[in-house]
Amino acid sequence: MTPKITRRNFLRFATLGAGATILAGCANPRRWVTLEPYVRPPEEQLAGVATWYASTCRMCPAGCGIIVRIMNGRALKIEGNPEHPLNQGKLCARGQAGLQLLYNPDRLNAPVVQSGRGSHQFRAIAWEEGINTLFDKLQGAGDQVAVLGGSSMSGHLYDILGRLTSAIGASAPVIYDPLVSMNGYVALKDVDMALFGKAALPTYDLGNADIVISFGADLLGPGLSQVRYGIEYGKFRSGRLGQRGYLVQLEPHQSLTGAKADLWLPVQPGMEGLVAQAIIDLIASHSFASPDPLRVERAKLFAGPVDLNKTAAATGISPTELLHLEQIFAEAERPLAIPGGGLSGLPDANASLTAVQALNFIVGMPAGGPGGMSLSPEDQLSKLVVKPQPSSFSDLLVLLGKMKAGAVKVLLVLGSNPVYELPLQAGLAEALAKVPYVVSFAPIVDETAAQADLILPDRTYLESWGYDVLSPAFDLPVVSSQQPVVTPRFDARSAADVLLTVAKGIPAAAKVLSWTDEVAFLKEVIAQFPQGAVTGDNGVIWERYLQHGGWWPAAAAAPQGPATMQALPPPPLQVAAPQFLGDAGQYPFFLHLYVSSLLSDGRGANLPWLQASPDPLTTVSWQTLVEINPATAQKIGVEDGEVVKVSSPYGEIEGYIYTYPAMRPDTVAIATGQGHIDYGRYASQHGSNPLLLVGAQPAWASVRVNVTSTGRKVKLSIFEWKPGVEEGFPNQAFPGG
Amino acid sequence: MRLKTVSPVGRRIIIAVVVILVVAAAAILLFVTEARAAPAQPIAFNHQVMGQLGIQCLYCHNTARVSPAAGMPSMAKCMGCHKVVDPTNPVIKEVAAYWDKQQPIPWVRVNVMPRFVFFSHEAHVNNGVSCETCHGDVNHMTVAHQVVNMNMGWCLDCHEKQPNAPQLIDCVICHR
């Protein structure tokens, strides 16, 4: 007979067990920690004392200087480099999270071959075998090699790739990722070339401006340089005694910058350029007391007839507000107009961007002081160092066309994830199917690596060599240095070293890539730099260049403003109302895509710190939100947390409704970043990828969508439930809203 | 006058309180005795032998003067001598085995300070506090064990006797 366990006895035993567990837990914690001495101590390490190494952040293309705290060979903390001219000791959340890229458990520990694309059947191979395979394939492909890279790649890798492709007669590397398109790098450069005769990214002297009209530029978000514009914003608001800058933000969905603005105007999506044009026209025809009479003359170069009521109807900005904008802009001493990346996603991107940049031209360089817009200074090092040159969407389509035509035998993918990032209609899948061999250099298997035949895992940036030429450069040419701060944690090799090794066997490439490794290459380049601020009295000392975080001149160059004008567009400048893709009846809402403050364009999704951090505005983490105005939600009968289907003419995703009063009722806003299938355990299976709603055209910001409920509801993983939002936001901007 | 009897419920509460007190006392006793006991080490390292040979503490724990941590000798340091000194000793063979594998010896920590205490060897050693003051006569220990219970009272006891006591008993000197 089995002993009977009574309820009473069960509870007694359970209590005893719990007591024993508690007692065991009281044991001294030193038993759990071992003291592991070095096997061979590094010379510069002192037990118990942290060492800080300077390097460059690679979480976005801005190129902030970082210093990394190292204890016993482990990287513990990343901070901004106080000496660095760009970020001056500050760093954003994405930069802080870089440690989790280094120690990510999903990193590959060896090169792998995949038995069938997308099968995830990986077989680890030796590095020698991996390099030999790459060599065989490159040799067999001749000039039919293509390179697809990301914008935050190190300059030296881009340089080596450029030399390699030109030596074997292949086309130049294509640099494309969503940050390139959504920040409008290429379109902005084109406009600056057309207007000012210089294809450079503009720098806005926000810190010295008094009036700023931002046409959808999320300066405090993940735009061109979040950290630097954060510093500049501080100066703009409170850096000058008795003077507080005034910020106007025009955008359909309130961003972090919009939330900080003095005046937030919910402009109709895509109509920002029309507002800029109206301001130009008004300046030309009006007579507000401008401190500079030249402004009216310059405005006349672009101006046409003004029809305020028509513009107001098209843009959703009332005639009074338009006049107010014109007045503050014309009367200000140092006004500034800043175009948002979203303008570059319109069918007529150049006209809209030109209208905004023309406002900066009309202002001219403020007399007797800093401020205004300047273009990156002429780079005295441009013969020595390079910045990865972003390619336009049409360049990318040319590459895809070549791939589809079978003219690419080997495709190398470095630092970008096109399978996740490109819209389905771009036809990457068909193009990849026509490429016999795809090599990925991803440290973690992402969606593109999962479609590769061979993965040669690159080192993460905290273990790598490199440099970054800052662009935009804030009036100071800076080459930010990058060095390994720890011994590589995984059996990964630097892509540049792998390519240099492979090049040895290809006669044409061996001639131009004779360096033994990337460090020899970098040393040779850096040694030719002129004297800098921190790099030594007599030429550039390599150690000091690494120690201080890079090279920059002792004194800032004089800001180069838009002083000269190239071939002018014939007046009047005509910004057309954009044609949105999709039938207005079937797809009643405008889609407002924006770059996530934390996950960026999706590259941050594999870092749990970034996933778990609440979004600064919604305080939601881990999930893809479909943000709509509460009035719209009521109209279509959905509420917070409801699972909805968002469909565009090109695709369909699922997301969770979040009602957000600070946006237009005719707009649906979705942040990028989630919806990975691969890319590690923290990235996959969370949320949806809104880039799938965009079609195969550069006009990513002009898509219409529909929202339908699936009838399901989830709990939002929200940190704060709209504190003071519902009661505090009068929502008066929208009649009937 | 009749004595008040304790109700059955009250008795149970008293029993529960007594049990909790006994368990708590046992836990504290276990923590203290275990803290003071010599933990099992991966290698039977004998401090006494080293001490008798006149080897200074700072020879192996060489960062005590310049760093918050006294430092554990690297494997290279052990083998620097033991390649030639007594290489046939079975314990030293164990050390050599780690060296051959190029792996560190996972020593178990003997003296432990809580994480919320800032302690620096550098500040103490350079101000005339000898190693023995806190670690006891390690030179006569076969297996190192903790000799003083390094709690706050013990620290303050010494800090109060110093000439600059007002500074040394400030909270933030240790809890920073």
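What number goes with the only condition from (1) over 23 Å from B:GLY128 (Cα atoms); (2) assigned to a loop (DSSP other than H, G, I, E, B); (3) more than 9 Å from chain A (Cβ to nearest Cβ) that B:ARG65 does not pass?
Unmet for B:ARG65, out of (1) over 23 Å from B:GLY128 (Cα atoms); (2) assigned to a loop (DSSP other than H, G, I, E, B); (3) more than 9 Å from chain A (Cβ to nearest Cβ): (1).
Quick one: count up the residues across region A:614-649 that are hydroxyl-bearing (Ser, Thr, Tyr) and surrounded by fewer than 21 Cβ atoms within 10 Å (Cβ to Cβ).
Matching residues across region A:614-649 total 4.
Here are B:ASN139, B:ASN126: which of them is under 24 Å from B:ASN62 (Cα atoms) and touching a Gly at 6+ places or on another chain (Cβ under 9 Å)?
Only one candidate qualifies: B:ASN139.
Given the conditions (1) among the aliphatic types (A, V, I, L, M); (2) modelled with pLDDT of 85 or more; (3) within 26 Å of B:ALA70 (Cα to Cα); (4) under 38 Å from the mean Cα position of the chain (by Cα), and given that A:LEU46 satisfies all but one, which numbered condition is not satisfied?
Condition not satisfied by A:LEU46: (2).
Assess whether A:PRO418 counts as being within 24 Å of A:SER648 (Cβ to Cβ) and surrounded by 24 or more Cβ atoms within 10 Å (Cβ to Cβ).
Criteria met by A:PRO418.
Quick one: how many residues across region A:285-342 are assigned to a helix (DSSP H, G or I), closer than 30 Å to A:SER255 by Cα and of a type in the set (D, E, K, R)?
4
How about region A:64-128: which strands (runs of 3 or more DSSP E) wholly inside it have at least 1 residues that are in contact with a strand residue (DSSP E or B) (Cβ under 8 Å, 6 or more places away or on another chain) and of a type in the set (Phe, Trp, Tyr)?
A:122-124
Output the number of the condition that A:THR448 fails; it satisfies all remaining conditions of (1) farther than 21 Å from A:GLY118 by Cβ; (2) assigned by TED's automatic domain parsing to the domain that holds A:ASP159.
The single condition A:THR448 does not satisfy is (1).
Restricted to region A:47-66, and to residues that are polar (S, T, N, Q) and touching a residue at least 40 places away in the same chain (Cβ under 8 Å), which residue is farthest from A:VAL180 (Cα to Cα)?
So, considering only residues that are polar (S, T, N, Q) and touching a residue at least 40 places away in the same chain (Cβ under 8 Å), the one farthest from A:VAL180 (Cα to Cα) is A:SER55.
Pairs only if they're at least six apart or on different chains, beta carbon under 8 angstrom, first in region A:1-30 and farther than 24 Å from B:VAL18 by Cβ, second surrounded by 11 or more Cβ atoms within 10 Å (Cβ to Cβ) and at pLDDT 70 or above; list them, first residue then second.
Correct list of pairs: A:ASN28/B:VAL112; A:PRO29/B:VAL112; A:ARG30/B:PRO39; A:ARG30/B:VAL108; A:ARG30/B:ARG109; A:ARG30/B:VAL110; A:ARG30/B:VAL112.
Quick test for you: out of A:ARG237, A:ARG228, pick the one residue that is surrounded by fewer than 23 Cβ atoms within 10 Å (Cβ to Cβ) and modelled with pLDDT of 90 or more.
Matching residue, one of A:ARG237, A:ARG228: A:ARG237.
Say we look at region A:242-286 and pick out the residues that are without any contact (Cβ under 8 Å) to a residue 24 or more places away in the chain and touching a helix residue (DSSP H, G or I) at 6+ places or on another chain (Cβ under 7 Å); which of these is nearest to A:PHE589 (Cα to Cα)?
A:ALA284
Scan region A:268-326 for residues that are surrounded by 17 or more Cβ atoms within 10 Å (Cβ to Cβ) and hydroxyl-bearing (Ser, Thr, Tyr) and jot them down.
A:SER290, A:THR311, A:THR315
Mind listing whichever residues of region A:370-398 are crowded, with 23+ Cβ neighbours inside 10 Å and assigned to a helix (DSSP H, G or I)?
none
When region A:69-99 is examined, which residues are found to be closer than 28 Å to A:ARG40 by Cβ and out of contact with any Ser or Thr (no Cβ under 7 Å at 6 or more places or on another chain)?
Hits for region A:69-99 are A:ARG69, A:MET71, A:ASN72, A:ARG74, A:ALA75, A:LEU76, A:LYS77, A:ILE78, A:GLY98, A:LEU99.
Given the criterion touching a helix residue (DSSP H, G or I) at 6+ places or on another chain (Cβ under 7 Å) and closer than 20 Å to A:ALA584 by Cβ, identify the matching residue among A:TYR650, A:TYR682.
None of the others qualify; the one that does is A:TYR650.
Residues of region A:184-204 being assigned to a loop (DSSP other than H, G, I, E, B), in contact (Cβ under 8 Å) with a residue 60 or more places away in the chain and surrounded by fewer than 23 Cβ atoms within 10 Å (Cβ to Cβ), which ones?
Residues satisfying the conditions are A:GLY197, A:LYS198, A:ALA200, A:LEU201.
Let me confirm something: among A:THR51, A:THR34, which residue is of a type in the set (Ser, Thr, Tyr) and more than 11 Å from chain B (Cβ to nearest Cβ)?
Exactly one residue qualifies, and that residue is A:THR51.
Got at least one residue in region A:434-453 being out of contact with any helix residue (DSSP H, G or I) (no Cβ under 8 Å at 6 or more places or on another chain), assigned to a loop (DSSP other than H, G, I, E, B) and among the small types (Gly, Ala, Ser)?
Looking through region A:434-453, at least one residue is out of contact with any helix residue (DSSP H, G or I) (no Cβ under 8 Å at 6 or more places or on another chain), assigned to a loop (DSSP other than H, G, I, E, B) and among the small types (Gly, Ala, Ser).
Could you go through region A:363-384 and let me know if any residue there is more than 26 Å from A:PRO553 (Cβ to Cβ), of a type in the set (Val, Ile, Thr) and touching a Pro at 6+ places or on another chain (Cβ under 6 Å).
Checking region A:363-384: at least one residue is more than 26 Å from A:PRO553 (Cβ to Cβ), of a type in the set (Val, Ile, Thr) and touching a Pro at 6+ places or on another chain (Cβ under 6 Å).
Can you confirm whether A:ASN28 is at pLDDT below 75 and either within 7 Å of chain B (Cβ to nearest Cβ) or surrounded by 11 or more Cβ atoms within 10 Å (Cβ to Cβ) (or both)?
Taking the combined requirement at face value, the residue satisfies it.
If you go through region B:43-53 one residue at a time, do you hit one that is within 14 Å of chain A (Cβ to nearest Cβ), at pLDDT 90 or above and within 19 Å of A:VAL33 (Cβ to Cβ)?
So far as region B:43-53 goes, yes, one or more of its residues are within 14 Å of chain A (Cβ to nearest Cβ), at pLDDT 90 or above and within 19 Å of A:VAL33 (Cβ to Cβ).
Can you find a residue that is modelled with pLDDT under 90, surrounded by 17 or more Cβ atoms within 10 Å (Cβ to Cβ), charged (D, E, K, R) and within 30 Å of A:LEU134 (Cβ to Cβ) anywhere in region A:477-497?
Yes - at least one qualifying residue is present in region A:477-497.
Looking at region A:215-272, which of its residues are in a strand (DSSP E or B) and either of a type in the set (Gly, Ala, Ser) or touching a Cys at 6+ places or on another chain (Cβ under 8 Å) (or both)?
If the condition is that a residue be in a strand (DSSP E or B) and either of a type in the set (Gly, Ala, Ser) or touching a Cys at 6+ places or on another chain (Cβ under 8 Å) (or both), then A:GLY216 is the only one that fits.
Can you list the helices (runs of 4 or more DSSP H) lying wholly within region A:459-531 that have 3 or more residues being out of contact with any Ser or Thr (no Cβ under 6 Å at 6 or more places or on another chain), farther than 24 Å from A:ILE66 by Cα and of a type outside the set (S, T, N, Q)?
A:495-503, A:507-512
In region B:69-98, which residue that is outside any loop (DSSP other than H, G, I, E, B), in contact with a Phe, Trp or Tyr (Cβ under 8 Å, 6 or more places away or on another chain) and aliphatic (A, V, I, L, M) is farthest from B:CYS171 (Cα to Cα)?
Of everything passing the filter in region B:69-98, B:VAL91 is farthest from B:CYS171 (Cα to Cα).
Collect the residues in region B:72-98 that are aliphatic (A, V, I, L, M) and within 14 Å of another protein chain (Cβ to nearest Cβ), keeping them in residue-number order.
Scanning region B:72-98 gives B:MET72, B:MET75, B:ALA76, B:MET79, B:VAL95, B:ALA96, B:ALA97.
The values are calculated or read from the model by the stated rules, or taken from the named source; none is laboratory data. Values in this document were obtained by computation on a predicted structure and should not be read as measured data. A quick note on method: Cβ atoms are made from the backbone with ideal geometry, for glycine too, and the neighbour counts reach across all protein chains shown.
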